[in-house]
1. Compute the projected area of the convex hull of the Cα atoms of region 147-240, averaged over all viewing directions, and report it in nm² to one decimal place.
2. Considering only protein heavy atoms and a probe of 1.4 Å, how much of the accessible area of the chain is carbon and sulfur, as a whole percent?
3. Structure shown: which of Lys47/Lys77; Lys53/Lys103; Lys32/Lys52; Lys47/Lys103 lie over 29 Å apart, alpha-carbon to alpha-carbon?
4. Which of the aspartates and glutamates could a cross-linker span from Lys174 if the Cα-Cα distance has to be under 16 Å and same-chain partners fewer than 8 positions apart are dropped?
5. Once phi is turned into ³J(HN,Hα) by the Karplus curve 6.51 cos²θ - 1.76 cosθ + 1.60 with θ = phi - 60°, what whole-Hz value does each residue of region 32-47 show in order, with x for glycine and proline?
6. In Å², what does the accessible area per residue of the chain work out to with a 1.4 Å probe?
7. For Lys174, list long-range residues whose amide hydrogen, built 1.01 Å from N in the peptide plane, is under 5 Å from its own amide hydrogen.
8. Residue separation times 0.36 nm, minus the C-alpha to C-alpha distance between Asp147 and Phe201: what's the value?
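The values are calculated or read from the model by the stated rules, or taken from the named source; none is laboratory data. Just so we're clear, the structure is a prediction, and the values are computed from it rather than from any experiment. So basically every Cβ, Gly included, is an ideal-geometry build from the backbone, and we count neighbours across all protein chains shown. Remember, those area values only see protein heavy atoms, side chains included, never the ligands or the DNA or RNA. Shrake-Rupley method; radii C 1.70, N 1.55, O 1.52, S 1.80 Å.
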Amino acid sequence: MPPILYMALSSLPGDPDALYLDLQSSMNARAKAALADHYLSMFDWLKKRFQKKVWVERSGASLIFVAALVRLFPDSKFIHLHRDGRETAISIQRYPPLSLLAKSWRDAGRFGLDMLAPPFRLGDSRALAMMEKMASPFHRGAGALADLETAGAFWSSMVLTGLEALDSVPADRKLTVRYERLVAEPENQLTEILDFIDPEFSGADWIRSASGLIAPGANNSEALTPQEFCALTNACRPGLLALGYEA
């Protein structure tokens with residue numbers, strides 16, 4: 001199943017299968033063009049379809065691709081929403097697609113390949129894409145998933161990679177939002193986000209409605225033993241310190 005169908009279009013109103021087929025027809029009718037132009041056309045098509053003024057794309061682990069996104073969409077704005085890395089690492093370890101990615105990153109590192117940096121960076125490297133296709137049949141079952149420390153180290157490396165790329169983005173086109181503060185002050189944080197996206201938006205009703213949907217997630221790290229928590233903290237430490245968390 002195409003990822004765009006089950007991850008993006010399924011979150012929009014209506015029948016996602018019908019939406020996918022309509023979008024497919026629109027995109028197939030386009031002439032050959034640069035990748036960024038195809039994406040911008042798709043976003044424009046979706047905005048018109050749903051009668052919206054702006055498209056906000058939210059993808060997990062997209063810190064990996066910030067350098068590519070800056071290159072492809074030089075006029076875009078970036079919102080960096082982050083959480084305590086120990087909690088995020090637990091989520092990564094429990095979510096098979098990202099857990100597999102974290103383990104693959106660790107395994108590649110043993111051969112001197114960094115999947116988060118050129119020339120083997122995910123999203124940029126044709127060689128890595130070919131290697132992934134050849135290796136994927138051998139990644140099956142629990143043995144293909146990452147342990148918690150690997151997930152923590154992967155999160156930390158991903159954060160450092162993303163922050164380095166974000167340094168090239170002008171200050172007026174990037175906003176950092178801490179998850180813990182968003183949960184504690186939803187209306188204030190959502191107002192700041194909406195103003196950043198477009199100051200002309202008047203979203204008092206939307207902000208009140210959206211604030212009611214925000215609730216604190218479980219603190220899964222509290223279930224770890226002291227030894228497990230210490231090991232996870234050590235794995236996450238570079239990223240934690242870079243984001244201003246205690247480590």
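1. Working: hull surface 30.3 nm².
If I average the Cα hull's projected area over directions, I get 7.6 nm².
2. Values: 8650 of 15150 Å².
Summing carbon and sulfur atoms, their accessible area is 57 percent of the total for the chain.
3. On the way: Lys47/Lys77 17 Å; Lys53/Lys103 39 Å; Lys32/Lys52 27 Å; Lys47/Lys103 37 Å.
Violating the 29 Å limit, Cα to Cα: Lys53/Lys103; Lys47/Lys103.
4. Partners found: Glu57, Asp75, Glu164, Glu192, Asp195, Asp198.
5. Residue by residue, region 32-47 yields 4, 7, 5, 4, 4, 5, 5, 5, 4, 5, 5, 5, 5, 4, 5, 4 Hz.
6. 61
7. Phe78
8. Details: separation 54, 0.36 × 54 = 19.44 nm, distance 4.38 nm.
This chain segment gains 15.1 nm when fully extended.
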